[in-house]
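Quick notes on the structure that follows.
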Amino acid sequence: MHRPDHRRDPHRDPRPGTAQQDRFPAADRFADGAQYIAGRLACGTSGRTHTVVDPATGAGVLTYELAGTDDVDAAVAAARAAFPGWAGATPGERSDALHRFAAVLGAQAEDLARAESLQCGKPLKLTREFDVPGTVDNTAFFAGAARHLQGQSAGEYSGDHTSYVRREPIGVVGSIAPWNYPLQMAAWKILPAIAAGNTIVLKPAELTPLTSLMFARAATEAGLPDGVVNIVTGAGREAGEHLVGHPDVAMTSFTGSTAVGRRVAGIATATVKRLHLELGGKAPFVVFDDADLEAAAHGAVAGALINTGQDCTAATRAYVQRPLYEAFVERTAALMETVRLGDPFAPGTDLGPLVSHAQRDRVAGFVDRARGYARVVTGGEAPGGDLKDGAYYRPTLITGAAHDSEAVQSEIFGPVLVVLPFDTDDEGIRLANDTPYGLAASAWSRDVYRAHRATREIKAGCVWVNDHIPIISEMPHGGYRASGFGKDMSMYSFEEYTQLKHVMFDNTAVAAKDWHRTVFGDR
Ligand code: NAD
């Protein structure tokens, strides 16, 4: 395998003993490249490199060679070779391997948290308390779930036959993940696929490959056979499209933007693949006039700012019934101003930078354009000072935007909340449903009938009542409408990653079956 000598950029990469290296003690784990194929790291062969950048400082962390189509072919071949053995393992054997996998991940929790914080700019308290424990819990959940794959019970439905249903793995799954929760997205894609007996090739986002690679290595350390989990780290247009169109890949599972999801769907459909799409969101946050204002304001700030707003379920559009509107805007803006921006590794930090300077500039563009048609109540700028080199942006609250404006309709994917008033319950629910998306939503009320109505009538894959954001391994996550289809997590995810086979046994042992009359007449 070609081993380049420019894996570490001499101008930008961490030097041993520097503060940058302290931020990333696991750096030398990637010395052999950023592809993980058949149980070992390898360099990509596209001929192009990518540098992972710490968005808090702008410093390079690791330069790696991007995967080309040959690397995708090698990963798919490894997954294909591993499939018969892994699919043929008993559920108990797969479960044991996943339990060991959860234990290895648990032992590496701090390294995983630091690497995730470094490549994404997430505060360490978020990765330590949410990304990493969530991933370990997901792994433990699927270790248990692997033993509970079920089909319909067997029976004599025709009278003359015994029918039963086999639930079988699909084959090699090709998955593509975004950069906002790289570790959790890798887990959500890989775990249900392999628990059900499939093998997988995952393409993480180019910006954030580190924890997907660590996750795959942990699988090998836990004793999963080589080739069951493979990672190709390449560009979407090259490695991503090659993976989606690959004839030996039986299923595509994509998480990312709706625009790219449409393109991926076209390629997958042309090759008649099973398809699972987890796409963008623009979650409404509906506050009725009997809600607990303090709870709603705290919920809106936390729900809008988690992961610096780069969360597909983040609260992005708060609709507040007129009697509470002014007080909600005032309290929410005041709470936003108390949030401490800073270095993700500093203990006092609440909010880190965005994932990249390009993403920060994209968010700033939305807000700058909004000044022309709405009011920026707080935020709306990069902080400067000690944080000037990082991709930081202040928590931002916008009011007065028209409902068809881009601030209300488009996914901004940053720490920006738009707040709008409504009068009647009908209007609040109608506005909540008035974007193309349908991933998540919340309703805030102390009236059980109002809350129930909102959960029935809001078109989204998840509706919280008096909270916004929590997820749990046992419950499904997935979208309605332009947010995609199919479910991650929970037993429901097995519907995506398995196929059902009807097996029908004749019980009559008669040569001339009754139904043959339709062919032979009375003979
Ligand atoms: P993106 O769509 O730009 O990229 C996602 C992935 O697709 C990346 O790995 C990228 O390299 C790859 N890709 C890009 N072009 C491709 C192509 N032509 N063919 C194949 N692959 C291609 O999304 P992003 O900016 O990385 O992530 C943010 C988006 O992800 C947001 O829209 C967010 O809502 C969405 N998201 C959704 C969920 C969910 O569960 N629904 C979860 C997390 C993120």
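Applying a threshold of 7 Å to beta carbon distances and a minimum spacing of six or more residues, or different chains, the list of pairs starting in segment 234-249 at a residue that is open to solvent by 10 Å² or more (accessible area, probe 1.4 Å) and modelled with pLDDT of 95 or more and ending at one that is among the small types (Gly, Ala, Ser) and more than 9 Å from the ligand (Cβ to nearest atom) reads Glu238/Ser46; Glu238/Gly68; His246/Gly174. Restricting the search to helices (runs of 4 or more DSSP H) fully inside segment 27-130 and requiring at least 1 residues that are modelled with pLDDT of 95 or more and within 30 Å of Gln499 (Cα to Cα) gives 69-88, 91-107. Against the condition more than 25 Å from Glu129 (Cα to Cα), assigned by TED's automatic domain parsing to the domain that holds Pro182 and at pLDDT 95 or above, how does Thr255 come out, does it pass? No: the conditions fail for Thr255.
The lone criterion from (1) closer than 19 Å to Gly438 by Cβ; (2) near the ligand (Cβ under 10 Å from one of its atoms); (3) outside any loop (DSSP other than H, G, I, E, B) left unmet by Val244 is number (1). The helices (runs of 4 or more DSSP H) located wholly in segment 400-467 that include 2 or more residues which are closer than 25 Å to Val377 by Cα and at pLDDT 95 or above occupy 406-409, 425-432. When restricted to residues that are over 30 Å from Gly384 (Cα atoms) and of a type in the set (A, V, I, L, M), segment 46-89 contains 13. Within segment 251-265, residues that are more than 6 Å from the ligand (Cβ to nearest atom) have Cβ atoms under 7 Å from residues that are at pLDDT 95 or above and of a type in the set (Val, Ile, Thr) in these pairs: Met251/Ile170; Met251/Val173; Thr252/Val244; Thr252/Val264; Ser253/Val173; Phe254/Ile176; Phe254/Val264, counting only partners at least 6 apart in sequence or on another chain.
If you go through segment 459-501 and keep only what is of a type in the set (D, E, K, R) and either out of contact with any strand residue (DSSP E or B) (no Cβ under 7 Å at 6 or more places or on another chain) or under 14 Å from Trp188 (Cα atoms) (or both), you end up with Lys459, Glu474, Arg481, Lys487, Asp488, Glu495, Glu496. For segment 344-356, residues that are within 21 Å of Gly60 (Cα to Cα) and surrounded by fewer than 21 Cβ atoms within 10 Å (Cβ to Cβ) total 3.
The residues of segment 472-497 that are hydrophobic (A, V, I, L, M, F, W, C) and open to solvent by less than 10 Å² (accessible area, probe 1.4 Å), listed by number, are Met489, Phe494.
With open to solvent by 10 Å² or more (accessible area, probe 1.4 Å), touching a residue at least 24 places away in the same chain (Cβ under 8 Å), in contact with a Ser or Thr (Cβ under 6 Å, 6 or more places away or on another chain) and within 30 Å of Leu351 (Cα to Cα) as the only criterion, which of Leu293, Leu275, Leu279 stands out?
Leu279
The values are calculated or read from the model by the stated rules, or taken from the named source; none is laboratory data. As the structure is a computational prediction, the values presented were derived from the model and not from experiment. Counting neighbours? That spans all protein chains shown, and the Cβs are built from the backbone with ideal geometry, glycine included. With ligands, DNA and RNA removed, areas are computed over all heavy atoms of the protein, side chains included. Shrake-Rupley method; radii C 1.70, N 1.55, O 1.52, S 1.80 Å.
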